[in-house]
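Asks: I'd like to ask some things about the structure below.
The values are calculated or read from the model by the stated rules, or taken from the named source; none is laboratory data. Bear in mind the structure is a predicted one, so any value in this text is a computation, not a measurement. FYI the Cβ positions are ideal-geometry reconstructions off the backbone, even for glycines, and counts take in every protein chain you see.
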């Protein structure tokens with residue numbers, strides 16, 4: 001059986017979806033400096049990679065949230081992966097916008113009706129969880145029950161863990177920051193001397209400096 005955690009970590013590094021730069025950090029939209037940049041939108045352009053992702057996510061959902069009735073994608077990066085997973089599991093699908101439409105019926109979710117039904121949401125990555133938890137609230141307002149969230153990748157940040165805990169929700173990720181570091185070292189993409197810097201960032205991103 002494929003170890004999707006390691007396989008997808010390797011895939012993300014192989015296609016350049018993840019880049020490490022501990023000494024010349026990237027700046028996120030929030031202003032946080034980071035020694036890692038992740039662009040999982042790239043994965044849809046590589047058939048083998050996206051197949052590993054939807055198969056891994058399908059297994060993860062079946063094992064963890066076996067009573068799911070609807071697969072949801074968080075706009076925009078989670079939508080294609082949700083579509084492949086919904087097809088693989090033969091489940092209805094929805095997607096959730098970042099905010100309600102300002103015309104027509106003003107809906108924030110599209111697709112299957114969620115009222116009184118169990119939903120699993122898919123996003124491409126989890127950092128603090130802000131965007132996906134906003135989607136969770138949209139589904140709850142429509143009477144749906146979000147039983148969990150899954151993602152391709154998680155930064156494993158303390159703020160993300162705390163935010164999900166406050167929301168009374170669990171999340172699972174196909175691969176993680178820790179797995180990426182381990183895989184990158186094995187591949188020779190990272191030197192072992194850089195690991196401490198990367199781990200320090202994960203503990204307190206807001207205060208970290210290169």
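Asks: Could you tell me whether segment 21-31 includes any residue that is touching a strand residue (DSSP E or B) at 6+ places or on another chain (Cβ under 8 Å) and within 23 Å of residue 82 (Cβ to Cβ)?
Replies: no
Asks: Given (1) closer than 21 Å to residue 40 by Cβ; (2) at pLDDT below 95; (3) surrounded by 16 or more Cβ atoms within 10 Å (Cβ to Cβ), where does residue 194 come up short, assuming only one miss?
Replies: Residue 194 satisfies every listed condition except (1).
Asks: Which of the residues that make up segment 126-153 are surrounded by fewer than 24 Cβ atoms within 10 Å (Cβ to Cβ), within 22 Å of residue 179 (Cα to Cα) and touching a strand residue (DSSP E or B) at 6+ places or on another chain (Cβ under 6 Å)?
Replies: Answer for segment 126-153, where residues must be surrounded by fewer than 24 Cβ atoms within 10 Å (Cβ to Cβ), within 22 Å of residue 179 (Cα to Cα) and touching a strand residue (DSSP E or B) at 6+ places or on another chain (Cβ under 6 Å): just 148.
Asks: What helices (runs of 4 or more DSSP H), lying completely within segment 98-210, carry at least 1 residues that are within 15 Å of the chain's Cα centre (by Cα), free of Cβ contacts under 8 Å to residues at least 40 places away in the same chain and under 22 Å from residue 85 (Cβ atoms)?
Replies: Qualifying helices (runs of 4 or more DSSP H): 130-141, 158-166.
Asks: In segment 1-49, what count of residues is obtained for those that are surrounded by 14 or more Cβ atoms within 10 Å (Cβ to Cβ), touching a helix residue (DSSP H, G or I) at 6+ places or on another chain (Cβ under 8 Å) and part of a loop (DSSP other than H, G, I, E, B)?
Replies: Qualifying residue count, segment 1-49: 6.
Asks: Inspect segment 119-128 for any residue being modelled with pLDDT under 95 and at positive phi and give the result as yes or no.
Replies: No, segment 119-128 contains no residue that is modelled with pLDDT under 95 and at positive phi.
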